[in-house]
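Heads up, the thing below is written out as structure tokens.
Bear in mind these aren't lab numbers, they're just calculated from the coordinates by the rules spelled out. Owing to the predicted nature of the structure, the values given are computational and were not obtained by experimental measurement. All Cβ positions, even for glycine, are placed from backbone atoms using ideal geometry, and neighbour counts span all protein chains on display.
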Amino acid sequence: MGNLLFATGHSKQAVKYHSKALTLNEQDLAALVGIANALYDLNQTEGAISYYLKALSIDAMQADVHYNLANAYSLLGETETAIPYYLTALQLKPSKSDAFYNLGNAYCVLKKYEDAIVAFKKAI
């Protein structure tokens, strides 16, 4: 239900629903990611980061969580922190072209233009 609420633009209600799920099982990966995604949508980026990190502490093999965490760090201007999460997302899911694109942008911010070119070429 939380995912449906989020998908239909009801992020605040999604947080509430997923939070209830966490009261039943604090290790509920779907609920942790659901809260993180909804908080990110609500521009509560630091809160989203906290939940993404909790989710990764349960299952570090989630490419999309690494990717979303990298995006959150990038949004806060923490580009150097974001890059390893983009790289991990790409190790787990090499076909994730948007991760290559965002990685290229991150490298540009750090003026690592040769690395950016490599990443952008892989995004195509």
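If I compute percent of Cα pairs over 20 Å apart from the structure I just sent, which labelled value in [x] 45; [y] 56; [z] 71 lines up? Answer by label: [x].
Shape analysis of segment 26-97 places it in the oblate category; the axes a ≥ b ≥ c from the Cα gyration tensor give an a/c of at least 1.5, with a/b not above b/c. Let a ≥ b ≥ c be the square roots of the eigenvalues of the Cα gyration tensor of segment 1-46; is it rounded (a/c under 1.5), or, if not, prolate (a/b larger than b/c) or oblate? Note, shape of segment 1-46 comes out oblate. Taking Cα atoms, how many degrees apart are the long axis of helix 63-75 and the longest axis of the chain, rounded to 10 and kept between 0 and 90? In the chain, helix 63-75 runs at an angle near 80 degrees to the longest axis.
The charge dipole of segment 1-59, taken about its Cα centre with unit charges on the Cβ of Lys, Arg, Asp and Glu (plus for the first two, minus for the last two), comes to roughly 200 debye. Compared with the dominant Cα axis of the chain, that is its longest principal axis, helix 11-24 is turned about 70°. On C-alpha positions alone, give me the angle between the axis of helix 97-109 and the longest principal axis of the chain, in degrees, nearest 10. It works out to around 60 degrees. The modelled label-to-label distance for the pair Asp41/Asp98, using points 7 Å beyond Cα in the direction of Cβ, is 1.3 nm.
Rounded to the nearest angstrom and listed largest first, the equivalent-ellipsoid semi-axes of segment 77-124 from its Cα gyration tensor are 16, 13, 7.
The alpha-carbon of Lys93 sits under 13 angstrom from the alpha-carbons of these aspartates and glutamates, leaving out residues fewer than 8 places away in its chain: Asp64.
Summarising the label geometry, the points placed 7 Å from Cα in the beta-carbon direction at Lys12 and Ile58 lie 2.6 nm from one another. Within the listed set Ala48, Ala38, Ala30, the Gaussian network model of the chain (springs between alpha-carbon atoms below 10 Å) gives the highest mean-square fluctuation for Ala30. Across the chain, the mean sequence separation of Cα contacts (distance under 8 Å, 6 or more residues apart), normalised by length, yields a relative contact order of 15 percent.
Taken about its Cα centre, the chain carries a charge dipole of about 200 debye when Lys and Arg each add +1 at the Cβ and Asp and Glu each add -1 at the Cβ. Fewest-first ordering of His10, His18 by other beta carbons within 10 Å of each residue's beta carbon gives His10, His18. 3J(HN,Hα) along segment 82-88: 5, 4, x, 6, 4, 5, 5 Hz, from the Karplus curve 6.51 cos²θ - 1.76 cosθ + 1.60 with θ = phi - 60°, whole Hz, x for Gly and Pro.
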